[in-house]
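J.: I'd like to ask some things about the structure below.
The values are calculated or read from the model by the stated rules, or taken from the named source; none is laboratory data. From a predicted model like this one, the values you see are computed outputs, not experimental measurements. Quick reminder, even Gly has a Cβ in these numbers, built from the backbone with ideal geometry, and neighbours come from all protein chains shown. To get the accessible areas, we keep the full protein, side chains included, count just its heavy atoms, and leave off ligands, DNA and RNA. Shrake-Rupley method; radii C 1.70, N 1.55, O 1.52, S 1.80 Å.
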Amino acid sequence: MEPVPVRTFSLRKMFTGTGFFPFIVRRLLTAVLLILGITFIAFSVTQLVPGDPVAANLGQSAYSDPEIVAAFEKEFGLDQPVPIQYITYLGKLVQGDLGVSLSSKRPVAEDLREYFPATLEIAMFAVFVALVLGILLGTISAMTRDRLPDQIIRVFSLTGVSMPVFWTAITAFYIFFFVLGWAPGTGRLEPGAEPPPTVTGLFTIDALLNGDLSTSKEALSYLLLPALVLAVYALGVITRFTRASVLEILGNDYVRTARSKGLSEFTVIRRHVLRPALLSIITIAGVAFASLLAGSVLVENVFSWPGLGQYAYRSAVGLDLPGIMGVSMVVATVFILMNLLVDVLYRVIDPQMRDAG
Amino acid sequence: MTLLRVADLTVTLATSAGDAEAVRNLSFEIDHGEILGIAGESGSGKTMTALSIIGLLPYKGKATGSIYFDGREILTSSKKEYRDIRGKDIAMIFQDPMTSLHPMLTIETQLTEHLRHHRKVSKGSARQSALELLDTVKIPDPASALKAHAGQFSGGMRQRIAIAMALACDPKLLIADEPTTALDVTVQAGILKLLRQLRSERDLSIMIITHDLGVLSSLTDRIMIMYAGSEAESGTAPDLLLHPRHPYTQGLISALPGVARQGKVLTTIGGSPPELGNFPTGCAFHERCSYAQTSCSLEVPSVLQVSDNHRMFCPINPLAEKSVK
Ligand SMILES: Nc1ncnc2c1ncn2[C@@H]1O[C@H](COP(=O)(O)OP(=O)(O)OP(=O)(O)O)[C@@H](O)[C@H]1O
Ligand SMILES: [Mg+2]
């Protein structure tokens, strides 16, 4: 055994060291640079697309009045040269100000606070379902390789990854709402119902925190169908990927060693196989979550779910630069956090990563 | 007294070219406290023989015949019955110590999990046994070794840990698949000494697969030579090493390196061993045999008892005929 190194504080070590803390510091610094890069790209893209945000946000008659147009441009800083607009945006961003939406005329930060939790709620639910079910089905599939359960699961997971989200959403809505009448309808709650006081922005949880079980249940019933539709693709991906990585791990010598000890098959799978398999599953889960955010734009529109996807759609159609930028920032931050989470989990699961930094 | 009796074992494996027999009609016995050495070129079916005894053939592999262990037939026993034998009565040390330990679990977990599973002992007493086992296999500082992971040990240390793991439940039969091949000479000597000591202390029976002449001569009581999935010759260690009868054994022994190198092409036997699924008809060795006659490619050789404890499968070898007269 090597002697345990004495830990001394050093600024240099914080950036180059192999411990957990320097690792986080490095990652956060990278994250800031990434966000900066993303603002630049998003800004450039919105400038490059043809179309006039003023025309998109003012009515026909207002647009024909040069005075109103000038006032609108001045109010939103559109009369400034583009580089100045960008620098102004960055300056405000540092103070947490994301500007004012051209379409809703409200601060973008406020809009996001309202729309993002709705998306977070279905996305988290979908990821949870996809992960738990996907790992379970993928493992069963690998363990019954080439036999009936495996074949059934493979057909379903292939179907899952092949169906376009939009199509799944419309079909599911048609079947479960119009035909079977099981789904309560669109939106997050019954029309006109009072949303629970905002704590997290997730209705199911906020209602519970408020001690209001029936509202929580109602929110859950509205949430279920869009969340499951959203989960279908990720479920397919995670199932297929789990099967492949469990099969790969099953072929390892150390699994044969585990079996040679006479452990139950359950123990062999849970302790010796799933742990290494999780390493790759976590990576794919991060990717699946990303695709899920993209899918949410379509699902939210079908189910009139007032989330980030709908907001993004409206901002894009309205050439609402601050709105689009705001959505990009949120999505970028989510991605960066997901990646960070994946890397942290990696280190938790794999001792070699911990030792190697 | 016989602990293990393998009779007519045939192992069929699924290959890309269809099913192929990797082991063919193999029969042998191991007594209580006996050490049997198995040698033969790469691909002769040594590992598959071992895996069929412990019931862990690769995917789609099938064994037929009979494996009689400790008073009962185990080849036909259920998965559950096999799990109760594995790790407890029959333990195995695998060929490659670099890949046979789990990279993410602590040594403590790997040393104690089967002990706790089979013997239902408490965590504390399992830990105590693990410490003693590590001490037995001469791992320095067992307490901190328990907390470590496989990646922190060298090949020799890992092999010792694998041995400790195999011994945890005090098995009756230890199958060791080339346990010293990957190790340097001094470590090898230590492990051989350890195995000898375990045999005399615990009356352990050992089936050891090796290419190493030193191991064969210093450790084993009896030796079986395999070629193309079948026995070529078997006998007591000194007899077989000093008076090999089968042309293959003669070539093999003269070519065995003092320090074995796995997969080394034998210099004194021309050609290379046949590939799985492509074993020659008659005596599988006839294509490489300098004594071969026409009949060798036609007839499967029958057993020739050289003496009480020595037999071989080559009816026409002139050397053999001489000794029989
Ligand atoms: N999983 C498998 N599927 C199909 N064939 C296999 C499999 N594993 C091994 N074989 C083949 O079975 C034959 C016997 O292999 P085995 O491992 O028993 O040889 P061995 O005598 O142990 O050789 P070595 O000295 O190289 O370890 C070889 O031809 C090998 O290629
Ligand atoms: Mg082998």
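J.: For residues in the range B:91-129 being among the β-branched types (Val, Ile, Thr) and free of Cβ contacts under 8 Å to residues at least 60 places away in the same chain, which is farthest from ligand 2 (Cβ to nearest atom)?
T.: B:Val121
J.: Okay, next question. Are there any pairs, at least 6 apart or on different chains, whose C-beta atoms fall under 6 Å, with the first in the range B:33-54 and under 10 Å from B:Gly229 (Cβ atoms) and the second open to solvent by 10 Å² or more (accessible area, probe 1.4 Å) and within 8 Å of ligand 1 (Cβ to nearest atom), and if so, which?
T.: B:Gly40/B:Lys46
J.: Give the residues of the range B:265-308 that are touching a strand residue (DSSP E or B) at 6+ places or on another chain (Cβ under 7 Å) and within 16 Å of B:Thr249 (Cα to Cα), sorted by residue number.
T.: Within the range B:265-308, B:Ala284, B:Phe285, B:Val303, B:Leu304, B:Gln305, B:Val306 meet the criteria.
J.: Of these, B:Ile93, B:Ile85, B:Ile139, B:Ile175, which one is more than 10 Å from chain A (Cβ to nearest Cβ) and either out of contact with any helix residue (DSSP H, G or I) (no Cβ under 9 Å at 6 or more places or on another chain) or not small (Gly, Ala, Ser) (or both)?
T.: Testing whether each residue is more than 10 Å from chain A (Cβ to nearest Cβ) and either out of contact with any helix residue (DSSP H, G or I) (no Cβ under 9 Å at 6 or more places or on another chain) or not small (Gly, Ala, Ser) (or both) leaves just B:Ile139.
J.: Does the range A:303-321 hold any residues that are farther than 25 Å from A:Pro53 by Cβ and either in contact with a Pro (Cβ under 8 Å, 6 or more places away or on another chain) or acidic (Asp, Glu) (or both), and which are they?
T.: Of the range A:303-321, the ones farther than 25 Å from A:Pro53 by Cβ are A:303-305.
Correct list: A:Phe303, A:Trp305.
J.: Right, here's the next one. Which one of A:Leu112, A:Leu28 is assigned to a helix (DSSP H, G or I), assigned by TED's automatic domain parsing to the domain that holds A:Leu319 and under 29 Å from the mean Cα position of the chain (by Cα)?
T.: A:Leu112
J.: Being away from ligand 1 (no atom under 13 Å from the Cβ) and not polar (S, T, N, Q) is the filter here, so list the residues in the range B:21-36 that pass it.
T.: B:Phe28, B:Glu29, B:Ile30, B:Asp31, B:His32, B:Gly33, B:Glu34, B:Ile35, B:Leu36, listed by residue number.
J.: Which ones in the range A:206-228 are open to solvent by 70 Å² or more (accessible area, probe 1.4 Å) and either over 21 Å from A:Ala172 (Cβ atoms) or in contact with a Cys (Cβ under 8 Å, 6 or more places away or on another chain) (or both)?
T.: A:Leu208, A:Leu209, A:Asn210, A:Leu213, A:Ser214, listed by residue number.
J.: Here is a follow-up. How many residues, within the range B:73-104, are within 16 Å of ligand 1 (Cβ to nearest atom) and either open to solvent by 30 Å² or more (accessible area, probe 1.4 Å) or touching a Lys or Arg at 6+ places or on another chain (Cβ under 9 Å) (or both)?
T.: Number of matching residues: 8.
J.: Has the range A:267-283 got at least one residue that is within 14 Å of chain B (Cβ to nearest Cβ) and outside any helix (DSSP H, G or I)?
T.: Checking the range A:267-283: not a single residue is within 14 Å of chain B (Cβ to nearest Cβ) and outside any helix (DSSP H, G or I).
J.: Further question: Under 6 Å between Cβ atoms, which residue pairs at least 6 apart in sequence (or on different chains) link something in the range A:244-260 that is within 9 Å of chain B (Cβ to nearest Cβ) and closer than 19 Å to B:Tyr82 by Cβ with a partner that is of a type in the set (Lys, Arg) and outside any helix (DSSP H, G or I)?
T.: A:Ser260/B:Arg86
J.: Here is a further query. Evaluate the range A:95-107: report whether one residue or more is under 14 Å from A:Gly326 (Cα atoms), outside the structural domain of A:Leu308 (by TED's automatic domain parsing) and assigned to a helix (DSSP H, G or I).
T.: Among the residues of the range A:95-107, not one is under 14 Å from A:Gly326 (Cα atoms), outside the structural domain of A:Leu308 (by TED's automatic domain parsing) and assigned to a helix (DSSP H, G or I), which makes the answer no.
J.: Could you count how many residues in the range B:143-157 are open to solvent by 20 Å² or more (accessible area, probe 1.4 Å) and within 11 Å of chain A (Cβ to nearest Cβ)?
T.: Result for the range B:143-157: 6.
J.: If you don't mind, another one. Could you tell me whether the range B:47-59 includes any residue that is more than 16 Å from ligand 2 (Cβ to nearest atom) and not in a helix (DSSP H, G or I)?
T.: Yes.
J.: May I pose another question? Which numbered condition trips up B:Thr210, out of (1) within 14 Å of chain A (Cβ to nearest Cβ); (2) open to solvent by less than 10 Å² (accessible area, probe 1.4 Å)?
T.: Against the list (1) within 14 Å of chain A (Cβ to nearest Cβ); (2) open to solvent by less than 10 Å² (accessible area, probe 1.4 Å), B:Thr210 comes up short only on (1).
J.: Within the range A:286-357, considering only helices (runs of 4 or more DSSP H) that don't extend past its boundaries, which have at least 1 residues that are open to solvent by less than 30 Å² (accessible area, probe 1.4 Å) and modelled with pLDDT under 85?
T.: A:321-349, A:351-356
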